[in-house]
Amino acid sequence: MTAPTTTPAPAPAPTPAPTPAPTPAQLAAIPAERIPALLQAMPKAELHLHIEGSLEPERIFALAQRNGVSLPYPSVEALRAACAFTDLQSFLDIYYAGASVLLTEQDFHDMAWDYLIKAQADHVVHVEVFFDPQTHTARGVPFEVVIRGLKSACDRAERELGVSAALIMCFLRHLSEDDASRTLDEALPFREMFIGVGLDSSERGHPPEKFAR
């Protein structure tokens, strides 16, 4: 009996050598007018993004109309004009007004998806997104609604955009340690959906030591 012949498997293609990083002299030689385009084209990681702060005025008004929420601004243009921030508190005032329109899983999904689309356009390949559950649970929005809406957008971005996205839950500094502890208890059943915790919101008079326990 003749032994069957086998065709050897093709050798794997060699892994290309990584492109060496440019030297300081090479970087200095890049014409200044080319730098913005080069930065835009580079693959990037976004490691500090507060998702509620990414809401654009147009999306805020669309969600307000969808959910029947009144806003303290008469128009998209008035809200955009108010976005001339002078300090953290002036930013937070608009931040919380915008967040008031978020009520359903679809709202949170749409907010995150808007940002992720823009991130991909800027060649961002990985993002770590901060979110503030207390901003929403204080208005009666269940924690589960918040995190499931955000996570569905993150999962969709990986499938459709090639952008990996992870969630970081933040406690609001201006609230109490007990409130943060209750929020953590609400979050633990969804532990696999976020990668860490942090602090944000108003810093003045609310140092990290407030949450030492």
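The values are calculated or read from the model by the stated rules, or taken from the named source; none is laboratory data. Model, not experiment: these values are computed from the prediction. In this analysis, Cβ positions are derived from the backbone assuming ideal geometry, glycine residues included, and neighbour counts consider all displayed protein chains.
Here's the yes/no breakdown for (1) touching a helix residue (DSSP H, G or I) at 6+ places or on another chain (Cβ under 7 Å); (2) more than 26 Å from GLU58 (Cα to Cα); (3) assigned to a loop (DSSP other than H, G, I, E, B):
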{"site": "TRP113", "(1), (2), (3)": "yes, no, no"}
{"site": "LYS118", "(1), (2), (3)": "no, no, no"}
{"site": "PHE130", "(1), (2), (3)": "yes, no, no"}
{"site": "GLN134", "(1), (2), (3)": "yes, no, no"}
{"site": "ARG139", "(1), (2), (3)": "no, no, yes"}
{"site": "ASP155", "(1), (2), (3)": "no, no, no"}
{"site": "HIS206", "(1), (2), (3)": "no, yes, yes"}
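Within region 170-183, count every residue that is under 17 Å from ILE147 (Cα atoms) and either among the charged types (D, E, K, R) or in contact with a Phe, Trp or Tyr (Cβ under 8 Å, 6 or more places away or on another chain) (or both).
5
Against the condition assigned to a loop (DSSP other than H, G, I, E, B), free of Cβ contacts under 8 Å to residues at least 40 places away in the same chain, over 25 Å from TRP113 (Cβ atoms) and not polar (S, T, N, Q), how does PRO74 come out, does it pass?
Working: assigned to a loop (DSSP other than H, G, I, E, B): yes; free of Cβ contacts under 8 Å to residues at least 40 places away in the same chain: yes; over 25 Å from TRP113 (Cβ atoms): yes; not polar (S, T, N, Q): yes.
So PRO74 passes the test.
Among the listed residues LEU71, LEU102, LEU150, identify the single one that is surrounded by 21 or more Cβ atoms within 10 Å (Cβ to Cβ) and over 20 Å from GLU46 (Cβ atoms).
Every option except LEU102 fails the conditions.
Check ASP200, ASP178, ASP185 and return the single one that is acidic (Asp, Glu) and within 18 Å of PHE130 (Cβ to Cβ). Can you show your working first?
Values: ASP178 fails: within 18 Å of PHE130 (Cβ to Cβ); ASP185 fails: within 18 Å of PHE130 (Cβ to Cβ).
Only one candidate passes the filter, namely ASP200.
ARG213 - would you say it is in a loop (DSSP other than H, G, I, E, B), in contact (Cβ under 8 Å) with a residue 24 or more places away in the chain and among the charged types (D, E, K, R)?
Yes.
Please name all residue pairs, on different chains or six or more residues apart, with Cβ atoms under 6 Å, provided the first residue is in region 125-154 and is on the phi > 0 side of the Ramachandran plot and touching a residue at least 60 places away in the same chain (Cβ under 8 Å) and the second residue is of a type outside the set (Lys, Arg) and surrounded by fewer than 21 Cβ atoms within 10 Å (Cβ to Cβ).
Correct list of pairs: empty, since none qualify.
Run down PRO22, PRO4 and say which single residue is at pLDDT below 85, assigned to a loop (DSSP other than H, G, I, E, B) and surrounded by 11 or more Cβ atoms within 10 Å (Cβ to Cβ).
Just a single option satisfies the conditions, and that option is PRO22.
Scan region 136-170 for residues that are hydroxyl-bearing (Ser, Thr, Tyr) and under 14 Å from TRP113 (Cα atoms) and jot them down.
Answer for region 136-170, where residues must be hydroxyl-bearing (Ser, Thr, Tyr) and under 14 Å from TRP113 (Cα atoms): SER152, SER164.
Does region 78-91 include one or more residues that are more than 19 Å from the chain's Cα centre (by Cα), in a loop (DSSP other than H, G, I, E, B), of a type in the set (A, V, I, L, M) and surrounded by fewer than 16 Cβ atoms within 10 Å (Cβ to Cβ)?
Scanning region 78-91, I find at least one residue that is more than 19 Å from the chain's Cα centre (by Cα), in a loop (DSSP other than H, G, I, E, B), of a type in the set (A, V, I, L, M) and surrounded by fewer than 16 Cβ atoms within 10 Å (Cβ to Cβ), so the answer is yes.
Which one is modelled with the highest pLDDT among residues in region 83-111 that are of a type in the set (Gly, Ala, Ser) and out of contact with any helix residue (DSSP H, G or I) (no Cβ under 6 Å at 6 or more places or on another chain)?
My answer is SER100.
Within region 25-69, restricting attention to residues that are of a type in the set (Asp, Glu) and assigned to a helix (DSSP H, G or I), which residue is modelled with the lowest pLDDT?
Ranking the candidates gives GLU33 first.
Yes/no per residue for (1) buried (at least 19 other Cβ atoms within 10 Å of the Cβ); (2) assigned to a helix (DSSP H, G or I); (3) of a type in the set (D, E, K, R):
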{"position": "LEU167", "(1), (2), (3)": "yes, no, no"}
{"position": "PHE171", "(1), (2), (3)": "yes, no, no"}
{"position": "PRO189", "(1), (2), (3)": "no, yes, no"}
{"position": "LEU199", "(1), (2), (3)": "no, no, no"}
